[in-house]
Amino acid sequence: MRLTRAWKDTNVLLNHQLNSSPIFTERAFPGEKTALLLSILCRNGETALWVAPFLAELLRNRPDMAGRVALHLPAPAPATVTPEAARCFRSLAHLQKEEALTLWSGGWSGAPGAFLLSRELEEELLRADRNEEALGLAQLFPLPPEMFFLRGLSPPQAEELSKRTGTALCGGYRQQPRPGGVAPLWFFTGSRWVWRPSLVLDAEPPLAESFPSGSGEAGLPLIHLLIGPDASPDGLPAPDRIVQTLLPFLDHVLPENLSKGLPSENVAPKAPEPAPRTEGTGSDPGKDGLLPPFFADPLPLSTPRDFSLAAGTATPWRTSPDQRPRHPDKVLRTLSPYRETLRPAGKTGSIPPQHLPPGDFQSTTEGHLMMEEDSLTFKFASGRLAGIAWGKNTPEAGLTTVPRRAQGFFLDTTRRRPAVAYLQTRHAAWFSGESARGVEEIANLDCASGSLELHTSASLITGIPGLTLSFRARFPETLPEAPCSIRLFQIPLRYVSGSASTGDTSLSAEVITPDGGSLALNLSPKPGRITVAAWFLRIPISREQSLLIGTAEPGVRIATAFEIEIIRTPQGLLLAVEPIFRHDGILPQDLAGTSLAGTILLARGDTPLETLVIPSSEKTPLYRFSRTVPE
């Protein structure tokens, strides 16, 4: 189990909160009897070979833990349920039937909920309950789950799901917790969000000989023990060893030792109190309502398909030629982070050698160019977006985003002084047609081991509000094997501090989901970044005006990943958005030679949302979200 030095400081803070706060005695807290939550974060059915003897040993040593252990797991993958694993599942089912164990559903594929449409989320629940392999949780266990704990849901999705199913829902953590640290674990029950402080432990080696001392009189309400995605029964410490390590702390986490209640600060505020924030200030998360745009994994499960590639890999399975929904199971498989689940990598086919914009090229352009659309003027420099201005004859005349080109860069983070390569324009031209006019750019980004090509076509199209930005990124055949940072099209929007700022320091953005839900984001005015999953983002440019940035997929609303970053510059703190592709770390080798495509839409913040849905009959050659694997 991995432990951090921050344990003692965090524990002192939690003990102070628990001991100095009034106690709730009027309502039941979700999973309030649970002292130990065991999360299986993979579909490997062989983990049951470890879980069953672990629970048997735990209950043998501490019979009073019966009914106070929750098992959180997804439906196992068929190929991993051996006869021995099946016997262990029957043992776990018996424990549940005897009320010694409660069950929390982890879904089926583990696909992050924030990127799923309503029908796909329903499919995730249905397949977790019953599936054709006869390995649904309802087919393995005699009693239904006490709670849902799905991966990567947004708060609006969690609320809707809880209300629709009538079941309490565990959202997860606001940020990925450090193993050995304490973090609030969020729940939605009834009509409000509440949280429980949770000690997060990774069961994989190295194993601590003992927990740090100094837990205080109140102790911790919950121990969250994690079995990670790469765990195997042979690679985990012996079950009796884990049990012996846990025993000294169990006295401190049983509910009766918490004065039979929880502190009032554990309740998230209701409207019209301040909207949830995504950046912490060190204060009590329950008091400040720090709900995230979507909940973080307790362990690193994420794959690139979850974020920058999520829309590209999943969208081809979402619509049929007649635009009826199809293949939700393939969407779930595609976005699954679990290696035990078949994940289609993308559609196989030839990659177009060049971008084909709507209309004919009229002339190359190397300087500045402007295109007007209603009350917005879009500015370009050498074919790339370089600022947005509000019209001359409007009250907000003179308002503009930062007059700087959208920037792409590759950062080699292995060097002591990181080397940076920037997106370089190779060709730019403007074009015009019957229903569209715009600007084309072909650019290259040197990625050390090869060159990444980015083709963009920015168009004003009749009948579509705002500016569409179609893109196709083609990754080199050979990818760097060292850690790096990539941003393909980071758009600078506004200064939030410093000499170049407008004086408006508010940072309240809005995430709009494909199902019409929304979540306010009060960002911290300091350097940092956050990734959100959204159909559209509404970003304030001034006190009165805002900008909408979202996906433009004909016939369907889809969510993709947007990175919001606040960057320190000589002119002050700059807010920028990356709508196409961002990655930090080692690039997965299955990206080599592939192509990622899609279309982004930029419009005024007061544009009616219903007008932002691109008709399925739209004949303008917008790039649909897709990921193509070369033949």
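The values are calculated or read from the model by the stated rules, or taken from the named source; none is laboratory data. Source: prediction; values computed, not measured. Note that each Cβ is placed from the backbone with ideal geometry, even for glycine, and that neighbours are counted across all protein chains shown. Heads up: the accessible areas ignore ligands, DNA and RNA and are worked out on the full protein's heavy atoms, side chains in. Shrake-Rupley method; radii C 1.70, N 1.55, O 1.52, S 1.80 Å.
Looking at THR611, is it part of a helix (DSSP H, G or I), at pLDDT 90 or above and either out of contact with any Asp or Glu (no Cβ under 8 Å at 6 or more places or on another chain) or closer than 23 Å to PHE536 by Cβ (or both)? Outline the logic, then answer.
Working: part of a helix (DSSP H, G or I): yes; at pLDDT 90 or above: yes; either out of contact with any Asp or Glu (no Cβ under 8 Å at 6 or more places or on another chain) or closer than 23 Å to PHE536 by Cβ (or both): yes.
Judged against the criteria, THR611 is a match.
From the residues in segment 139-161 that are under 20 Å from LEU37 (Cα atoms) and over 19 Å from the mean Cα position of the chain (by Cα), which one is surrounded by the fewest Cβ atoms within 10 Å (Cβ to Cβ)? Spell out how you get there, then give the answer.
In the first step, residues of segment 139-161 are kept if they are under 20 Å from LEU37 (Cα atoms); the result is 140-153, 158.
Now narrow it down to the ones that are over 19 Å from the mean Cα position of the chain (by Cα): 140-147.
Numbers: LEU140: 21, PHE141: 21, PRO142: 10, LEU143: 14, PRO144: 12, PRO145: 24, GLU146: 17, MET147: 21.
In this case the residue turns out to be PRO142.
Scanning for something of a type in the set (Lys, Arg), at pLDDT below 90 and under 28 Å from PHE409 (Cβ atoms), does segment 526-544 turn up at least one residue? Please lay out each step first, then the result.
Let us first name the residues in segment 526-544 that are of a type in the set (Lys, Arg), namely 526, 529, 538, 543.
Subsequent filtering for residues that are at pLDDT below 90 retains 526, 529, 543.
Remaining after also requiring under 28 Å from PHE409 (Cβ atoms): 526, 529.
Yes; the residues of segment 526-544 include at least one that is of a type in the set (Lys, Arg), at pLDDT below 90 and under 28 Å from PHE409 (Cβ atoms).
Which condition breaks for PHE475 when tested against (1) modelled with pLDDT of 90 or more; (2) within 27 Å of LEU609 (Cα to Cα); (3) open to solvent by less than 20 Å² (accessible area, probe 1.4 Å)?
If we test PHE475 against (1) modelled with pLDDT of 90 or more; (2) within 27 Å of LEU609 (Cα to Cα); (3) open to solvent by less than 20 Å² (accessible area, probe 1.4 Å), just (2) comes out false.
Considering (1) touching a Phe, Trp or Tyr at 6+ places or on another chain (Cβ under 9 Å); (2) farther than 15 Å from LEU73 by Cα; (3) of a type in the set (Asp, Glu), say which one GLU146 fails and leave the rest.
With (1) touching a Phe, Trp or Tyr at 6+ places or on another chain (Cβ under 9 Å); (2) farther than 15 Å from LEU73 by Cα; (3) of a type in the set (Asp, Glu) applied to GLU146, the lone miss is (2).
Determine whether segment 616-626 contains at least one residue that is of a type outside the set (Phe, Trp, Tyr) and open to solvent by less than 10 Å² (accessible area, probe 1.4 Å).
no
Can you tell me how many residues within segment 50-96 are within 15 Å of LEU246 (Cα to Cα), β-branched (Val, Ile, Thr) and touching a residue at least 40 places away in the same chain (Cβ under 8 Å)?
1
Identify the single condition in (1) in contact with a Gly (Cβ under 9 Å, 6 or more places away or on another chain); (2) free of Cβ contacts under 8 Å to residues at least 24 places away in the same chain that ALA603 does not satisfy, given that it satisfies every other one.
Here ALA603 meets the rest and fails (2).
Assess whether ASP202 counts as being buried (at least 20 other Cβ atoms within 10 Å of the Cβ), of a type in the set (Asp, Glu) and at pLDDT 85 or above.
Details: buried (at least 20 other Cβ atoms within 10 Å of the Cβ): yes; of a type in the set (Asp, Glu): yes; at pLDDT 85 or above: yes.
Here the answer is yes, as ASP202 does meet what is asked.
With (1) within 16 Å of PRO579 (Cα to Cα); (2) not assigned by the TED database to the domain that holds GLY387 as the list, and SER470 as the residue in question, which single condition is left unmet?
Every listed condition holds for SER470 apart from (2).
Applying the selection to segment 171-185, what residues are under 19 Å from PHE294 (Cβ atoms) and small (Gly, Ala, Ser)?
Within segment 171-185, the subset under 19 Å from PHE294 (Cβ atoms) is 171-177, 183-185.
Passing the criteria: GLY171, GLY172, ALA183.
Specify which of the listed residues (ARG437, ARG487, ARG416, ARG405) is under 22 Å from ARG538 (Cβ atoms) and either charged (D, E, K, R) or part of a loop (DSSP other than H, G, I, E, B) (or both).
Details: ARG437 fails: under 22 Å from ARG538 (Cβ atoms); ARG416 fails: under 22 Å from ARG538 (Cβ atoms); ARG405 fails: under 22 Å from ARG538 (Cβ atoms).
The conditions single out ARG487.
Suppose the filter is touching a Leu at 6+ places or on another chain (Cβ under 6 Å), aliphatic (A, V, I, L, M) and assigned to a strand (DSSP E or B); does ALA473 pass it?
Values: touching a Leu at 6+ places or on another chain (Cβ under 6 Å): yes; aliphatic (A, V, I, L, M): yes; assigned to a strand (DSSP E or B): yes.
Here the answer is yes, as ALA473 does meet what is asked.
Per-residue answers, yes or no, for (1) buried (at least 23 other Cβ atoms within 10 Å of the Cβ); (2) outside any helix (DSSP H, G or I):
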{"position": "LEU58", "(1), (2)": "yes, no"}
{"position": "SER91", "(1), (2)": "no, no"}
{"position": "HIS94", "(1), (2)": "no, no"}
{"position": "GLU99", "(1), (2)": "no, yes"}
{"position": "SER109", "(1), (2)": "yes, yes"}
{"position": "GLU122", "(1), (2)": "no, no"}
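If a residue has to be closer than 25 Å to TRP390 by Cβ, among the hydroxyl-bearing types (Ser, Thr, Tyr) and open to solvent by 10 Å² or more (accessible area, probe 1.4 Å) to count, how many in segment 427-472 make the cut?
3
What residue, among those in segment 357-379 that are part of a loop (DSSP other than H, G, I, E, B) and loosely packed, with under 13 Cβ neighbours inside 10 Å, is modelled with the highest pLDDT? Please lay out each step first, then the result.
Of segment 357-379, the ones part of a loop (DSSP other than H, G, I, E, B) are 357-359, 365-367, 374-375.
Next, only the ones that are loosely packed, with under 13 Cβ neighbours inside 10 Å stay: 366-367.
Details: GLU366: 74, GLY367: 79.
The qualifying residue modelled with the highest pLDDT is GLY367.
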